[in-house]
Structure formats: structure tokens, C-alpha cells
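The values are calculated or read from the model by the stated rules, or taken from the named source; none is laboratory data. Model, not experiment: these values are computed from the prediction. Ideal geometry is used to build each Cβ from the backbone, glycine not excepted, and the neighbour counts take in all protein chains shown.
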Amino acid sequence: MRHWIKPFAAGAALSAALVLPAAAQTKWNLPAAYPLDNPHTVNLMAFAKDVQTATGDKLQITVHPAASLFKAPEIKRAVQTGQAQAGEVLISLHENEDPIFGIDVVPFVANSYPSAKKLWQASKEAVTRKLAAQGIMLLFAVPWGPQGIYAKQDINTVADMKGLKWRAYNVGTARIADLVGAQPVTIQAAELPQALATGVVNAFMTSGSTGYDSKVWETMTHYYDTQAWIPKNLTFVNKAAFDALDKPTQDAVLKAAAVAEERGWKLAEEKAVWYVDQLRANKMKVQPPSPELKAGLQKIGETLTADWIKKAGAPGQAIIDSYSKM
Ligand code: PCA
């Protein structure tokens, strides 16, 4: 009897002790789609830690990297429906819902960090409003590295891209394939290493960091540093989950989000050069695009800009206009 009572009593005391703090604690899941050491994930982890510290453990955010909880294209819907309280998403994945989500992937509209920041300033309100209408509250936006071309062969002109098996990650990158006569295959970053290993694709555009994350040098030989656009990831929260927090906790989340946005832009810019250096260090031929390739891509950029403005209508044109004046 004694043997039985003792552990039971100890167990009861233990669970009573655990119940109190647990009742006052909120736990959020934050699905994300990129690897643990990718700058976006590093920044999300720091954000989660900042929130936990600022709230004295009252709000605990668990970041789920590498598409481990939801696949990249599913994260936004998961947050919208409350299956996850928060999430991080490459916003251009959702350009089909609204052209505003694709403004940062129109080639050559903003291809440096200062211009990408201005484009974000010009488009933030419209993006925020669209998300709010979907029950999602925007927390912060962080850019990727500028996008370049990976290949296993020389690409001297856009004509050299004809017939390539082209990995796309959103509508815009698939459309580029159409325009150059390549065959688009949509593959998210989490599945890119396997697609490369099995030869499903032999060319694509992305950042130095996604190339690095995919150990791209194991299959690709060339990188053309075209700096064609700078896409962004947005981190957001289900509005009802945010509204359920008390005011001091809400303030802590917003403050940590502002810090994360600033840290994220800084980290992205600092690491962009480092990543391209890693491609070089792994024996890839890293080079600027030839004038002919550049001119060809610029022409594609013009077509895609015109397409985008047509889709986005007057509100889209107004954003482009205010961005041009910045
Ligand atoms: N990496 C992600 C999106 C943009 C980027 O640089 C990808 O390739 O899927």
C-alpha cells in the first residue's frame, strides 16, 4: 500500500504544480517552409525567443521549419483557418489570389535591397488590407537574396533557355519558363534537393541561399548573378488568435515583430554576398549575365510588368507610380 500511495501522491502534487503556469500560458505553432539554418528561420527563432522573453513565458511560439508541419503552399490557409496560429510564407505563392501578392516578383521592378524596401513601403498597406480581409494579421516581411539563374550549361542568351526543364516556385517563375520556351515544373524549396538529384529539373532561378540549402553544386555548374528580383516572406498571425491575447502580450508580439523585420532585412543583405561566395567556393562558375542575356531578361521583365499591371488594374498602377516617385 505504502509503495502505491507514495508515487501517486507525488504525481498529484507534481501535476498540481504544472497546472497553474500552464493555464496562464498560450502556445502557438508557426509553420515555416525553409531549413533551420536559413536566415528566415534563424530570424523566426529569434522572434519566438524575443516574444517568450518579453512575455515572461506567457506566449510560447514553436517554429516548425522545413515544411515539417505544413507544405509551403498550405501554410497561409492553415493560418487563415486557425489550424496554425501563425506562419511564414513566400507571399508570391499566392499571386493567383490577388496580384498584389506578386508585386515583389515582377522582374527588374525592384532588384536591390534599397529599392525592394521602397517597393515594400509602397505596397505594404494594400498587402496588409488584403490579408486582413482574410482574417490574417501581418506581423513582418523579410526579403530573400536577389534571384539568379542556376544551370548545367552556358546560358549566353534567353534562347539558350529553350527546352530546359525549369524549376518554378510560383506563378511568375513558371511564366518565365513559358516565355523562353522552357518546361516549367513547380517544386517548392523543401523538395528541390530531391528534384535536382533525380534530374527532374536542369535549370531554375532562386537566391544564393536556396542554392546553398539545396547543395546545388552537386548537380549544377553555372550561376548567373542576374539580380532579377527580391522576393519576400511574410510572417503573419490568425487575427482571432491575436485578439485572444491580453494587451501587454499583443504589444510584446508587435514589438518583437518590428525588431524581426529590421533584423531580417539586415541579415538577408549581409548574407546574400556570403551565399554567392559559397557557390564559388564549391567550384561553381559564378558570373554576371552577358549583355545579350541581360537584354533578353529585361525584355521578359517588361512583358511581365505589363501583364502584372493589367491584372492588378488601377490600384496596382497606383502602387507602381508611388514606388517610382520614392
Ligand atoms: N528561395 C525560395 C523562394 C525564393 C528563394 O530565394 C525558393 O527557391 O523556393
Any residue at all in the range 17-36 that is assigned to a strand (DSSP E or B), small (Gly, Ala, Ser), within 25 Å of TYR275 (Cβ to Cβ) and modelled with pLDDT of 95 or more? no
Identity of the residue in the range 75-94, of a type in the set (D, E, K, R) and in contact (Cβ under 8 Å) with a residue 12 or more places away in the chain, that ends up nearest to the ligand (Cβ to nearest atom): GLU88
Picked from the range 42-67 (must be β-branched (Val, Ile, Thr) and surrounded by fewer than 20 Cβ atoms within 10 Å (Cβ to Cβ)), the residue farthest from LYS27 (Cα to Cα) is VAL42
Within the range 314-326, the residues that are without any contact (Cβ under 8 Å) to a residue 40 or more places away in the chain and assigned to a helix (DSSP H, G or I) are ALA314, GLN317, ALA318, ASP321, SER324
Pick out the one residue from ALA318, ALA312, ALA258 that is more than 19 Å from LEU44 (Cα to Cα), among the small types (Gly, Ala, Ser) and exposed (fewer than 15 other Cβ atoms within 10 Å of the Cβ). ALA318
Among the strands (runs of 3 or more DSSP E) contained in the range 135-223, which hold 1 or more residues that are surrounded by fewer than 19 Cβ atoms within 10 Å (Cβ to Cβ) and within 14 Å of the ligand (Cβ to nearest atom)? 183-186
